[in-house]
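The values are calculated or read from the model by the stated rules, or taken from the named source; none is laboratory data. Since the model is a prediction, treat every value here as computed from it, not as a measurement. Virtual Cβ from ideal backbone geometry, glycine too; neighbours counted across all protein chains shown.
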Amino acid sequence: MGMDFDLEAVRRRNGRGGCAPHLCIRFDSHLFSIDTSRAPKASVQPDAYLITHAHSDHYGKSAMNSANAVASIETARALEIRYEREYKGRTFAVGESIMVGNVKIDTHPTGHTIGSSAFSWKTETGQRVLVTGDVKDYSHLPHCDYLVTEANYGDPYDPSCIFEDDLAGFFEALESGASFGAYAFGKAQRAVALMRAMGYKDEIGMDEKSLVLTRELMKDTAGPLTEVNGNGYNVVTPWNLSQVPGRNKYFLTGRRDTSYPTIQLSDHLDFRGLMKMIEHISPQEIMVYHPAGERASLLAHHLQQCGMETTSLDLIESFIR
């Protein structure tokens, strides 16, 4: 089944005998690193560090130090705010194309965080490669031959991987005057956007990091924001929710190990969504690379059972230093 690809997924060995995060794609005379940490100077250097978004498990904190980093304008700015250092790479507006050497890389929105981007390009023989990063909305992703994708909720045997966002519950909590616990980058901005979409126009209180990120990334849409508001609505990081006055508080998450009541609100596709995304993209071959551990291999196994040529990060057998 499938086609012969003139590209190869590889991993980088580190000095401790393990592997650097995630993977690289080697094709033609090029090497692209995918959501991985910066290689030491003595190591093989990639043509580009493709950073899909600024969450810490995609390792932009390290890759942002390289002039070969490639990230959206919003992702680069979020990295600078989160880690208080200068982003040294190249930036683009999501939807634009960027040249790395003689390779044209197209970029595509994924709806995961503000500025999150998928990357696609063609090899010299015309094979189409797509790297998604984390995805909430796959409608803008193109067809490809070789797909590198996530599996955050890719376990077909785990009922918690099948869900729908509880927008009705969020609206009811908003009308009751609730404050919300949400991670500072990604979920906090989505909470503010939903509050505005649902008609709330007054000030929203936020803790320091959430406030800085939201003001910077939602300059024209956030509306009035302030520091934690003792008498109003707040969106703060979960560990600061206890410092917000009042009893009406919710944690925006799919987790169940929390002392606060939760409202299901995810920045990812669930298992059904991932399967629909793959059908939409219709690749010839699939590499599941994120998260590390068994979930990626479980999704890969399921896709194999469905007749798709699939492998996962843990099965990569080619390494570089």
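Brief remarks on what is shown
- Number of positions in segment 89-108 that are acidic (Asp, Glu) and part of a loop (DSSP other than H, G, I, E, B): 1
- Reported count of residues in segment 236-254, each being buried (at least 18 other Cβ atoms within 10 Å of the Cβ), under 17 Å from Asp166 (Cβ atoms) and over 26 Å from the mean Cα position of the chain (by Cα), is 1.
- Filtering segment 160-174 for residues that are assigned by TED's automatic domain parsing to the domain that holds Glu216, under 16 Å from the mean Cα position of the chain (by Cα) and not hydrophobic (A, V, I, L, M, F, W, C) leaves an empty set.
- From the options Thr262, Thr214, residue that is out of contact with any helix residue (DSSP H, G or I) (no Cβ under 6 Å at 6 or more places or on another chain), within 30 Å of Thr149 (Cα to Cα), surrounded by 17 or more Cβ atoms within 10 Å (Cβ to Cβ) and free of Cβ contacts under 8 Å to residues at least 40 places away in the same chain: Thr262
- Looking only at segment 219-235, and only at residues there that are touching an Asp or Glu at 6+ places or on another chain (Cβ under 9 Å) and not aliphatic (A, V, I, L, M), the one that is surrounded by the fewest Cβ atoms within 10 Å (Cβ to Cβ): Pro224
- With respect to the stated conditions, His140 fails to be under 29 Å from Met308 (Cβ atoms) and part of a strand (DSSP E or B).
- Matching residues, segment 286-301, being of a type outside the set (Gly, Ala, Ser) and either under 18 Å from Tyr138 (Cβ atoms) or within 20 Å of the chain's Cα centre (by Cα) (or both): Ile286, Met287, Val288, Tyr289, His290, Pro291, Glu294, Arg295, Leu298, Leu299
- Qualifying positions in segment 116-134 - assigned to a loop (DSSP other than H, G, I, E, B) and surrounded by fewer than 24 Cβ atoms within 10 Å (Cβ to Cβ): Thr123, Glu124, Thr125, Gly126, Gln127
- Qualifying positions in segment 189-203 - under 19 Å from Pro245 (Cβ atoms) and surrounded by 19 or more Cβ atoms within 10 Å (Cβ to Cβ): Ala191, Met195
- Answer residue from segment 39-54, given it is buried (at least 22 other Cβ atoms within 10 Å of the Cβ) and in contact (Cβ under 8 Å) with a residue 24 or more places away in the chain and is farthest from the chain's Cα centre (by Cα) among those: Ala39
- Tabulated pairs, segment 169-189, first in a helix (DSSP H, G or I), second surrounded by fewer than 20 Cβ atoms within 10 Å (Cβ to Cβ) and β-branched (Val, Ile, Thr), C-beta under 9 angstrom, 6+ apart or interchain: Lys187/Thr253; Ala188/Thr237
- Boolean, Gly111 is assigned to a loop (DSSP other than H, G, I, E, B), surrounded by fewer than 17 Cβ atoms within 10 Å (Cβ to Cβ), modelled with pLDDT of 95 or more and of a type outside the set (D, E, K, R): no
- Of the residues making up segment 68-84, those that are free of Cβ contacts under 8 Å to residues at least 40 places away in the same chain and among the charged types (D, E, K, R) are Glu80, Glu84.
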